[in-house]
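A short worksheet on the structure shown next.
The values are calculated or read from the model by the stated rules, or taken from the named source; none is laboratory data. Just so we're clear, the structure is a prediction, and the values are computed from it rather than from any experiment. Ideal geometry is used to build each Cβ from the backbone, glycine not excepted, and the neighbour counts take in all protein chains shown.
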Amino acid sequence: MSSKLLIKGGTLLDPAKGLNEKGDLLSVDGIIEATGKPGAFDSESEAEVLDASGALVSPGLIDIHVHLREPGFEWKETIESGARTAAAGGFTSVCCMPNTNPVIDNAQVVEFILEKSELAGGARVHPIGAISEKLKGECLAPMVELWEAGCVAFSDDGWPVWNSALMRCALEYGKMMNLVLACHEEDTALSHGFSMNESELSVELGLKGMPAAAENVMISRDIELALLTGGRVHFCHVSTARGVELIRRAKKDGAKVTAETAPHYFILDETAVTEYDTSAKMSMPLRKQEDIKGLLEGLADGTIDCVASDHAPHEEDSKRVAFGDASLGILGLQTTVPLLLEKVREGALSLERAIASVTSDARACYGLEQVSLEKGSVADISVIDPDCKITFGKEHNLSLSSNSPFFGRELQGLARYTVVAGRKVFDSEGLYS
């Protein structure tokens, strides 16, 4: 007997297909069967019905930059808890970074992650393999082996590939398979020991700062290497206005580059650390208001292709220490969508551009198979209620960690349902009510 799911009464929003209209959607056995006007499928008495009235129904959201911590750091997050948290944030898929223990630099770790994700029952999990063995930047990881095992991109995230010759080699190697290198751009000689953005404020607070140049010079280097090799570079967590301009010029020059930013970089500035609040300590650091302006302009015009959370869970003990000793990173999976929609309400982004940045445009960065609301597409679907408001508290948080600067903030625009392969994996009832 086939399984049917009927999503009724929502606004079907698929920016890549130019779709924005009220309607219903029917999926059968995990595949979209049809969309139609409201009430078109009322005869489907055997279908499970999800009420999407007042909500947006979009192709499944994807977060292409998360840290799930397993294997090796399961007290911070596990694949199961991360996949569940992602689903609560409206995401049907996530891509997990390789800075685990052991590192994702061999097929066995990839297979472990894929097996765990199958059992998790939340969002799909796509592993990202290491560029270099053990993330040390000394020799290449076995990229073909990792790709064949199921990796969708390659990164040493958390660390830059500091050796330019190795980066060139990785790009040339990746070009043969049309693979993407997702780069953490940081000149560690300039940034060593940083706690926040380098500025007048960092001097006032007595904290070691990272200059924007530490990010920008590495972006510049990898633009040049992308042009030299024809390889594909994706810039992770861009935080500077100058970085946006460099990427804009690179695209005009024909470099095969894409870029992401994270919501905290266009919501918060460096003043968030004024009270030595370690929940606002991250890498890259929060920058200035002029950087926020540049990031939003770049996101609006497509220079910044997508938004990703850089979800980085840490246990409380690693944050409740002196600011300089605190771990880098914050949670993001449950706050990304409402923070993005906040900028839509302010008029900085169109709704279509915002949704594209976490659907089709995000998938394109890694060359992942697209999902849509058209007949025949896999039924990965996000149902977002743009009017649902909460004051975000720890009672709403599904991560194993609680390092978020957004606790106590009003969030509006939350996932009502998340559907993976035609199966409901998240229902907001009970969590936000």
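Details
- Filter pass, Glu186 being touching a residue at least 60 places away in the same chain (Cβ under 8 Å), of a type in the set (Asp, Glu) and either surrounded by fewer than 21 Cβ atoms within 10 Å (Cβ to Cβ) or in contact with a helix residue (DSSP H, G or I) (Cβ under 8 Å, 6 or more places away or on another chain) (or both): yes
- Set Glu342, Glu352: member being at pLDDT 95 or above, over 23 Å from Met196 (Cβ atoms) and surrounded by fewer than 18 Cβ atoms within 10 Å (Cβ to Cβ): Glu352
- Region 300-330: number of residues that are charged (D, E, K, R), touching a Ser or Thr at 6+ places or on another chain (Cβ under 7 Å) and assigned to a helix (DSSP H, G or I): 1
- Spans of strands (runs of 3 or more DSSP E) in region 1-61 with at least 1 residues under 16 Å from Ala415 (Cβ atoms), of a type outside the set (A, V, I, L, M, F, W, C) and touching a His at 6+ places or on another chain (Cβ under 7 Å): none
- Selection count where residues are part of a helix (DSSP H, G or I) and surrounded by 24 or more Cβ atoms within 10 Å (Cβ to Cβ), scope region 227-245: 2
- Qualifying residue in region 324-333 (condition: under 20 Å from Asp427 (Cα atoms) and modelled with pLDDT of 95 or more): yes
- Some residue of region 387-394 being in contact (Cβ under 8 Å) with a residue 60 or more places away in the chain and not aromatic (Phe, Trp, Tyr): yes
- Single match in Ser164, Ser155 (criterion: among the hydroxyl-bearing types (Ser, Thr, Tyr) and within 30 Å of Val425 (Cβ to Cβ)): Ser155
- Being buried (at least 23 other Cβ atoms within 10 Å of the Cβ) and either in contact (Cβ under 8 Å) with a residue 12 or more places away in the chain or over 14 Å from the mean Cα position of the chain (by Cα) (or both) holds for only one residue in Tyr276, Tyr265, and it is Tyr265.
- Residue in region 360-368 that is surrounded by 19 or more Cβ atoms within 10 Å (Cβ to Cβ), of a type in the set (D, E, K, R) and under 16 Å from the mean Cα position of the chain (by Cα) present: yes
- Among the residues listed as Ala189, Ala182, the single one being assigned by TED's automatic domain parsing to the domain that holds Glu224 and under 23 Å from the mean Cα position of the chain (by Cα): Ala182
- Residues considered: Ser58, Ser53, Ser93, Ser81. Of these, the only one that is out of contact with any Asp or Glu (no Cβ under 6 Å at 6 or more places or on another chain), surrounded by fewer than 20 Cβ atoms within 10 Å (Cβ to Cβ) and among the small types (Gly, Ala, Ser) is Ser53.
- Verdict on Leu333 being part of a loop (DSSP other than H, G, I, E, B), touching a strand residue (DSSP E or B) at 6+ places or on another chain (Cβ under 6 Å), farther than 21 Å from Lys293 by Cα and of a type outside the set (Val, Ile, Thr): yes
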